[in-house]
Every structure is written in structure tokens, then in C-alpha cells.
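Only the coordinates and a few stated rules stand behind these numbers; no lab work does. All values derive from a computational prediction rather than experimental measurement. A quick note on method: Cβ atoms are made from the backbone with ideal geometry, for glycine too, and the neighbour counts reach across all protein chains shown.
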Amino acid sequence: VAAQVNPASTRSSTLAMEHSLTITAMPQASATSSVQEEFDEIFLRYRSQVFRFLLSLLRDRDTAETLTQECFLRAFRAWPNFRQESNPLTWLMRIAVNLTRDHWRNRKLQFWKRAASVEISEVSDWLPGKVASPEQRALARQQVEAVWKVVEELSPRQKTVFLLRFVEEMELSEIAEATGLNLGTVKSHLSRGLNAVRTRIGRQS
Amino acid sequence: MKESFEFESLDKELEGVLGRFRDSAHAWSAQEYAQVSIGASGASSRGWNAPLRWAVGACLMLAAVAIPVHRERVRQARQAQVVIATQQDAQLLEDVDKDVSRQVPASMSPLTSLIASDDPGFRAESEQ
């Protein structure tokens, strides 16, 4: 029995509406509606965060957008089986991390992937508004660029861990869960990333 | 940064740098997020956006180069045709001149000398 979207549901996201016909074998319409409402809430709450993580990891808006869609589509399909044992964000990040692994593995589009990435110098132009004087701005820009360069040089796994920690501010245990690594490996990856940042900043100053 | 472990004892400078990096990434992402419409359309077509844009760009660039080159070739071909036509005309005129100016048969020679002696204009021309 194909599931039906409740048209009265004001919170139905367009994603859920779009893929409503793909949900099959749900026992009751009311149960479907409830699942969908729950997922809508998750979607609205976390989509920007998942997008931000993917954007900072790939530096490509279109790919980040596509993978965010894909992440929520997979999550939506698996949502009835999600047992709330972990934080929904950690679960979503795990899906996102797996998607990026598949993305990096696919070598066919390597040229497009490299070509589509935003330049580090361009990304570093985005500075928080609280940086006031031109000197401060210049220094902050230099520092942000230095960190992006370090991130660029890290391995995909180290990069993932680094960004989950220092952009998404996730706990180490959550990072371990999202990446499927043990806590010790997470710490070691972070330590390498931090040492690289320290070295580069030291070199600059 | 809620946990307390060795990374929490980051020195102030590094902490400040990482904080600025985080804020910068958040600001950039917020701006980019405002331009995307996640959930508003199918995911399948979006993956081709960047390659499609590059392909269209490449086609436009190719057209931008190929059109002037083609025009230049057409212009050169036309010029060559004009030159050939001019040469052919010149050759034709030369042939006509040769035909017209060939020597008269010997039997008509007395007649030509007669014209030359009778016509003062002709005489003047021939003297010049």
C-alpha cells in the first residue's frame, strides 16, 4: 500500500512531499503521517547543519546541496528503523560522511570535482562581523586562510574529523560515532590537524 | 568546545584562530545556504549542474573562437576569388589586345600606308 501525504499537514517539507510515493508498505496512513511529521522536524532542524558540514568538506555548493538532499532522502527511508539510540544529528552526519566517501571514491568526475571547488582565498573572505579594524580583518583573513590550507592538506578522514570538531563543534564521542572510528583514532587525527595549524600559524607570525 | 581533554587546553592564540575559522565557515555556509533550495526539487538533476554549466561554458567559448575563425576564412576565400577573377579579366584583356593588335596580312599593307598618309590625326599619333 503506497503511503499518502496528509495534505493538511502544514509542516510537510517539500522533500517529504516529493518522495512520498517512494514510501511503501507502511501499515497505516496515520502511522505514515506521524513518521513524516517527525522527519519533517528533523529535516527542518538539521538541514542547514548537514549542508554546512558538506560545504566545508567539499568546498562546492552544488555537490553539498546534492549530497544534503541525498542524505535526507536516505535518512527518510531509514527513519522508521532509527531507534533514537544516538543523537539524530550524529546519525545524519554518519550518513553524510558515508556519502562523501562514496563521492571521493568515484573517480570518474574528479576533474569536475576539482574544477567546481571554491578557492581557499575566496572562502577566507568570509569573516565574522565582529572583526572591526582593517588590520584585524587582514590578520583574521590570513589566519582563516592558513587553517583552510591545513584542512586542504589533511587526508579525507582527518579533514572530516577536524571539521566535525572545529566547525560543527561536535563531541569526540559523537565524531567517533559519525565516522565509525574509535575515540583514540579521532584524537590522533585531531592532534595531527592541530599540530599542522599550530605550525602554519607559527610560521606566519 | 564542551569536553575537557588535552585539546581543550589549546593556547589562546590557537583557540582564537580556530574560533575565527569556525565563524568564517558559518558565515560562508549561511550565505551559500540562502542561495540553495534543499528539498524544493529533485536531487537527481542537481548533480549535473556543475558539469552542465562547464559544458555550456565550453560550448560558448568554442563558438566564440570558431565563429571569427570561420568568418576570417570566408573573407579570405572571397578575396582569393576576387584576385583570381581580376587576373582572369586581365588575361582576357591581354588576349583581346593581342588579337586586335596583331599585324595585318601582307596583302593589306599598301592599304594601311594609304590610311596613314591620308589621315593627319593618325599620322600625328603614329609620329608620337
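Just to be sure I understand the model, the point goes 7 Å from the Cα along the line to the Cβ. What's the resulting B:VAL83 to B:ARG53 distance in nm?
The two pseudo-label positions are separated by 4.7 nm.
Report the residues of the range A:82-99 in range of a label on A:ARG45: point 7 Å along Cα→C-beta, backbone N strictly under 15 Å from it.
Label zone hits: A:82-93.
Could you give each residue of the range A:65-72 its phi-based ³J(HN,Hα) in whole Hz, using Karplus coefficients 6.51, -1.76, 1.60 with θ = phi - 60°, and x for Gly or Pro?
Each residue's phi maps through the Karplus curve to give 5, 4, 5, 5, 4, 4, 4, 6 Hz.
Would you mind putting A:136-144, A:43-51, A:98-106 in packing order, based on average other-beta-carbon counts within 10 Å, highest first?
For the peptides A:136-144, A:43-51, A:98-106, the packing ranking is A:43-51, A:136-144, A:98-106.
So if we plug the beta-carbon distance of A:ARG74 and B:ALA34 into 1/(1 + (r/R0)^6) with R0 = 30 Å, what FRET efficiency do we get, rounded to 0.05?
Computed FRET efficiency for A:ARG74 and B:ALA34 comes out at 0.75.
What is the distance, in nm, between label points placed 7 Å from the Cα along the Cα-to-Cβ direction at A:LYS149 and at A:THR199?
1.3 nm
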